Amino acid sequence: MNSSVKRLTEAAILSAAFIIITMVALSTGLGYGLYLDFGVPIIFALIYFRCEFKYTLMCGISSVILILLVLGNFAAAILVSQSFLLGLLCGYLIAKKSEIFDDLYLGSIIGVMFMILVDIYARNIIGYSFMQEFQGYVDYMNNNTNILEAINNYLPFIKINLQVVYYLLIAIFPFGMVFSIYFISIMCAKRLRILNENGKRKYFMMRSMRNYGSFMCIRKKYFYSGLVYVILINILKMTDISLSNVYLNTIITCVEYLSYYFIFRDTHVLIGNYINIKFKNKSINLLYLIITLLLLFIIFKITILVYVLISIYMDRRFNLREKQDYIVNSHTLKLMEIYKI
């Protein structure tokens, strides 16, 4: 049988099975729990490993349309569409030749955009926007002096910016979803023996994260792209240009926060590994961690800037990033030779 015909047939069968399972889950009320949030994206990630992008996309679109037409449940169709897109994204990232933290960084950014698209979709169909509603709550709290005074009384040592908390929670949600779906999909696909070579490599990298996670970084091009993006956004903020569109503001700010996290994680790891190799003393490592946390709370942006400059200098001087990649890849290849899957 022609490979494309075989994939199309498999996609049709898997799509039919998925629709039946989803209809049963939604009809009984069980689907509104973990199934829609985790079950659906994991299923579509597994379908991607069998049928690749084109047929998985067709499978997802046909499933959403049938659920909408048969059940007439707009809310369920919206949630299924978001979950299917996340599953497709994670399947694609796992199957491509890349590093785990590259996938998580890109996946989180695209996940934010998927959230925005689904929210716009929901607003146009049911006339309700979750993000605009939550933004209204934040504006109300910011304009209410009693609420602000109560927060300051409970947390006198920390100055809380509710707008920052709002965007931070939105950024964390797709990151957490992509992180969970990504790793659970790898484990499930390994059990089913449907991982390609890139997926197998990432499976062994995932198994090694406890011991070798501190050597895993995003690639230089993503590091410097994220750094340039953060610098441009901060320059834009200094010009006092404000954007009234909630969705555009959300995307720009969430991508900025995600870039902050991955950039700082890389710099912290590079400097920490150098200190560990140089001194080989757990007390110094602990002191470094405590100082880092204190500086982040006191002078966040200055700390980020100093750490970035130090890490760039150290990487150029000692070529640390390539050495770390060599350590991780050597260990991963050794595991792939030992445990053939």
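The values are calculated or read from the model by the stated rules, or taken from the named source; none is laboratory data. This one's a predicted model, so the numbers in the text were calculated from it and none came from an experiment. Here the Cβ is made from the backbone with ideal geometry for all residues, glycine too, and neighbour counts use every protein chain on show. To get the accessible areas, we keep the full protein, side chains included, count just its heavy atoms, and leave off ligands, DNA and RNA. Shrake-Rupley method; radii C 1.70, N 1.55, O 1.52, S 1.80 Å.
Structure summary
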item: Cα-centre dipole for the chain with unit charges at Cβ (Lys and Arg positive, Asp and Glu negative), debye to 20; result: 1600
item: Phi to ³J(HN,Hα) by Karplus 6.51 cos²θ - 1.76 cosθ + 1.60 over the stretch 279-284, Hz, x for Gly, Pro; result: 9, 6, 9, 5, 5, 5
item: Virtual spin-label span in nm between Val24 and Tyr326, 7 Å along Cα→Cβ; result: 5.4
item: Cut-off 14 Å between beta-carbons: net charge of the residues surrounding Gly111, Lys and Arg +1, Asp and Glu -1; result: -3
item: Charge sum, other residues only, whose C-beta stays under 15 Å from Ser81's C-beta, Lys/Arg counted +1 and Asp/Glu -1; result: -1
item: Amide H contacts under 5 Å for Arg219, placed H, 5+ residues apart; result: Asp102
item: Assigned charges on the beta-carbon of Lys, Arg, Asp, Glu; the stretch 188-233 dipole about Cα centre (debye); result: 280
item: Lys202 - accessible surface, heavy atoms, 1.4 Å probe, Å² rounded to 10; result: 0
item: Accessible area of Leu232 in the full protein assembly, 1.4 Å probe (Å², nearest 10); result: 110
item: Net charge of Cβ neighbours under 15 Å - reference Gly136; Lys, Arg +1; Asp, Glu -1; result: -2
item: The stretch 240-252 - phi-based ³J(HN,Hα) in whole Hz, Karplus 6.51/-1.76/1.60, Gly and Pro as x; result: 6, 7, 10, 9, 7, 6, 4, 5, 5, 4, 5, 4, 4
item: Hull volume in cubic angstrom per residue (convex hull over the Cα atoms of the stretch 284-341); result: 132
item: Largest-first ordering by accessible area, 1.4 Å probe, given options Ser4, Ser283, Ser185; result: Ser283, Ser4, Ser185
item: Heavy-atom SASA rank of Asp103, Asp37 (probe 1.4 Å, accessible area, largest first); result: Asp37, Asp103
item: Karplus-derived 3J(HN,Hα), 6.51/-1.76/1.60, for each residue of the stretch 175-183, Hz, glycine and proline x; result: 4, x, 5, 4, 4, 5, 5, 4, 6
item: Tyr339, Tyr229, reordered so the largest accessible area comes first (probe 1.4 Å); result: Tyr339, Tyr229
item: Positive-end extreme of charge dipole, the chain - chosen from Ile284, Val5, Ile218 (charges on Cβ); result: Ile284
item: Sequence-distant residues sharing a close amide H with Asn73 (under 5 Å, placed H); result: none
item: Pairs of alpha carbons in the stretch 1-134 whose separation is greater than 20 Å (percent); result: 47
item: Global geometry of the stretch 231-325, whether rounded, prolate or oblate, following the gyration tensor of its Cα atoms and the 1.5 cut on a/c; result: prolate
item: Cα gyration tensor category, rounded, prolate or oblate, for the chain with a/c compared to 1.5; result: oblate
item: Cα lying deepest toward the dipole's positive end in the stretch 11-113, options Ala45, Ile110, Ile20, charges on Cβ; result: Ile20
item: Paramagnetic label zone (point 7 Å from Cα along Cα-to-C-beta, Lys96; backbone N under 18 Å) in the stretch 192-215; result: 196-203
item: Nearest-10 value in Å² for the accessible area of Val24, using the 1.4 Å probe; result: 90
item: Gain upon complete extension [Asn198, Val165; 0.36 nm per residue less C-alpha separation]; result: 8.2 nm
item: Centroid-to-centroid separation of the stretch 302-321 and the stretch 1-30 [C-alpha atoms, Å]; result: 49
item: Candidates Leu162, Leu286, Leu68, ranked by Gaussian network fluctuation over the chain, Cα under 10 Å, top entry; result: Leu286
item: Bins of 5 Å, starting at 0 and running to the largest distance - Cα pair percent for the stretch 78-135; result: 4, 18, 25, 19, 14, 10, 7, 3, 0
item: Within straight-line cross-link reach of Lys221, lysines at Cα separation under 18 Å, skipping those fewer than 8 residues along the same chain; result: Lys96, Lys97, Lys323
item: The chain: relative contact order as a whole-number percent, Cα under 8 Å and 6+ apart; result: 18
item: Charge dipole (the stretch 37-106, unit charges on Cβ, about Cα centre) - positive-most of Val80, Cys90, Ile65; result: Ile65
